[in-house]
Amino acid sequence: MFKLTPRAWLNTLFLGGTLVLALVLVPWKLATQGLRLSEVVVFLVMYSLIGLSITVGYHRLFSHRAFQASWPMRLLALLLGAAAFENSALAWCSDHRHHHRFVDDVERDPYPVRRGFWYAHWIWVMEAKDRPRDSVGDLEQDPLIRWQHRYHFWIGAAVSALPVLAVGLMTHNLIGQLIIGLLLRIVATHHSTFLINSAAHWFGTQPYTDTNSARDNALLAPFTFGEGYHNYHHMWQWDYRNGPRWYQWDPAKWLIAAAAWVGLARGLRRVPDTEIQRARVDMEARRLVAVLAADALQAKSILEAARVRVDGALSAFQTRLEAWQAKKAEWKAKGHANAESRSVLRGEWKEQRAQLRRDLQAAWADWNRARQLVKRQAMA
Ligand SMILES: [Zn+2]
Ligand SMILES: [Zn+2]
């Protein structure tokens with residue numbers, strides 16, 4: 001039941017009030033004053049910096065420990081993240097870790113989509129239920145996070161208002177900047193984050209797992225800085241990427257990789273490609289079997305044999321790759337192995353890799369044939 005506690009009142013007024021004001025004031029402003037370039041620039045810069053801080057900072061760094069960041073990067077994420085007005089990093093991460101641990105559990109998931117699209121979107125925020133704050137002991141060790149937790153509202157107010165006021169005064173356009181750069185920006189930040197809890201658990205595909213409601217949805221990625229690939233994310237929450245493929249729009253992963261390159265971040269965690277491919281094949285096999293008739297035993301066994309072959313080829317590839325990487329790490333640590341034996345081993349690895357790739361290709365061809373066969377059977 002929705003109980004109007006003082007905090008629920010405050011959240012409801014803030015979320016509802018900013019939205020209603022934006023719905024009234026933005027059209028009024030556009031109709032009477034039009035839109036200025038400086039307003040668009042401030043909106044886009046603030047929206048991007050704050051959204052990236054939520055995605056890279058609150059989400060991947062603090063909630064999931066997908067990488068480690070130096071203090072300037074953590075501080076920046078905490079300052080800008082506060083301006084999202086989505087609570088302190090500590091509270092946000094506590095809720096989010098519960099969401100992953102108890103996903104779809106109507107009692108223990110803070111934003112379970114099973115209670116409805118709008119509940120997961122924002123009713124849960126307005127409800128402001130008291131939830132146990134556990135599983136964030138690691139974050140409480142960080143003095144920056146403790147400091148932000150204490151003052152997050154005032155930090156957020158200062159960070160979001162100061163640039164808007166400065167530009168507004170300089171361009172003699174305070175009202176316009178307040179409406180577009182502050183009010184509309186707050187509403188846009190809120191609802192783009194909320195869409196990951198609602199739409200990314202509602203619309204889209206499930207290429208890796210169907211054990212929870214999370215979905216991959218490329219349409220959500222552009223304005224959430226890469227958070228649309230939510231099925232992948234629920235499968236491997238600790239990966240610093242949400243879209244693992246090079247063409248998947250995930251600016252947060254590019255930013256994290258760039259931060260690592262300049263020494264601001266390290267320890268980036270990623271799932272081996274072979275594991276991702278195996279999950280896809282397993283999921284696809286389960287779907288294909290489900291469309292076959294109960295007596296289609298031959299098709300089922302061909303499909304299973306092809307799946308096992310892909311599985312075996314992927315395992316072999318991963319085992320040899322890891323052995324080779326361990327060897328390289330050993331050289332690096334001990335400075336062992338003379339140049340000659342290194343080049344011999346490197347040559348051997350290249351040959352092995354070529355063979356492994358051929359095996360893998362043959363297994364994939366098998367798999368594709370089996371898939372076609374099952375599809376034909378299912379259509380018949
Ligand atoms: Zn989720
Ligand atoms: Zn997450």
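The values are calculated or read from the model by the stated rules, or taken from the named source; none is laboratory data. Predicted model, so just to flag it, every value in this text is computed and none were measured. Cβ: placed from backbone, ideal geometry, glycine included. Neighbour counts: every protein chain shown.
Go over the candidates SER315, SER301 one by one and state the one that is more than 23 Å from PRO272 (Cβ to Cβ), of a type in the set (Ser, Thr, Tyr) and out of contact with any Leu (no Cβ under 6 Å at 6 or more places or on another chain).
SER301
Can you find even one residue in region 347-358 that is loosely packed, with under 15 Cβ neighbours inside 10 Å, among the charged types (D, E, K, R) and at pLDDT below 80?
No, region 347-358 has no match at all.
Looking at (1) of a type outside the set (Lys, Arg); (2) surrounded by 14 or more Cβ atoms within 10 Å (Cβ to Cβ); (3) part of a loop (DSSP other than H, G, I, E, B), which one does LEU144 not meet, given that it meets all the others?
Going through the list (1) of a type outside the set (Lys, Arg); (2) surrounded by 14 or more Cβ atoms within 10 Å (Cβ to Cβ); (3) part of a loop (DSSP other than H, G, I, E, B), LEU144 breaks only (3).
Listed residues ASP109, ASP105, ASP134, ASP142; which is within 24 Å of THR189 (Cα to Cα) and of a type in the set (Asp, Glu)?
On inspection, the qualifying residue turns out to be ASP109.
Would you mind finding the one in ALA8, ALA77, ALA31, ALA22 that is without any contact (Cβ under 8 Å) to a residue 24 or more places away in the chain and not in a loop (DSSP other than H, G, I, E, B)?
Just one listed residue meets the conditions, ALA31.
What pairs come out if I take residues in region 223-236 that are over 15 Å from HIS100 (Cα atoms) and pair them with residues that are aliphatic (A, V, I, L, M) and more than 11 Å from ligand 1 (Cβ to nearest atom) whose C-beta lies under 6 Å away, six or more apart or interchain?
From residues that are over 15 Å from HIS100 (Cα atoms), the pairs are PHE225/LEU52; PHE225/ALA252; GLY226/ALA252; GLY228/ALA218; GLY228/LEU220; GLY228/ALA221.
Is it the case that some residue within region 188-200 is small (Gly, Ala, Ser), in contact (Cβ under 8 Å) with a residue 24 or more places away in the chain and more than 16 Å from ligand 1 (Cβ to nearest atom)?
Yes: region 188-200 contains one or more residues that are small (Gly, Ala, Ser), in contact (Cβ under 8 Å) with a residue 24 or more places away in the chain and more than 16 Å from ligand 1 (Cβ to nearest atom).
Only one of (1) surrounded by fewer than 23 Cβ atoms within 10 Å (Cβ to Cβ); (2) modelled with pLDDT of 95 or more; (3) more than 30 Å from ARG241 (Cβ to Cβ) is not met by TRP71, so which one is it?
Condition not satisfied by TRP71: (3).
Any idea which of ARG60, ARG101 is within 16 Å of ligand 2 (Cβ to nearest atom), crowded, with 21+ Cβ neighbours inside 10 Å, among the basic types (Lys, Arg) and within 25 Å of the chain's Cα centre (by Cα)?
ARG60
ARG241 - would you say it is within 16 Å of ligand 2 (Cβ to nearest atom) and either touching a Cys at 6+ places or on another chain (Cβ under 6 Å) or touching a residue at least 24 places away in the same chain (Cβ under 8 Å) (or both)?
Yes: the conditions hold for ARG241.
Do you know which residues across region 333-371 are small (Gly, Ala, Ser) and either in contact with a Cys (Cβ under 9 Å, 6 or more places away or on another chain) or not in a loop (DSSP other than H, G, I, E, B) (or both)?
ALA333, ALA339, SER341, SER343, GLY347, ALA354, ALA362, ALA363, ALA365, ALA370
State which residue is nearest to ligand 2 (Cβ to nearest atom) when the search covers only region 76-88 and only residues that are over 16 Å from the mean Cα position of the chain (by Cα) and crowded, with 22+ Cβ neighbours inside 10 Å.
Top of the filtered list is ALA84.
Name, by its number, the condition in (1) part of a helix (DSSP H, G or I); (2) out of contact with any Leu (no Cβ under 9 Å at 6 or more places or on another chain) that does not hold for ILE196.
It is condition (2) that ILE196 fails.
Let me confirm something: among ASP273, ASP210, ASP250, which residue is touching a Gly at 6+ places or on another chain (Cβ under 8 Å) and acidic (Asp, Glu)?
Criteria check complete, one pass: ASP250.
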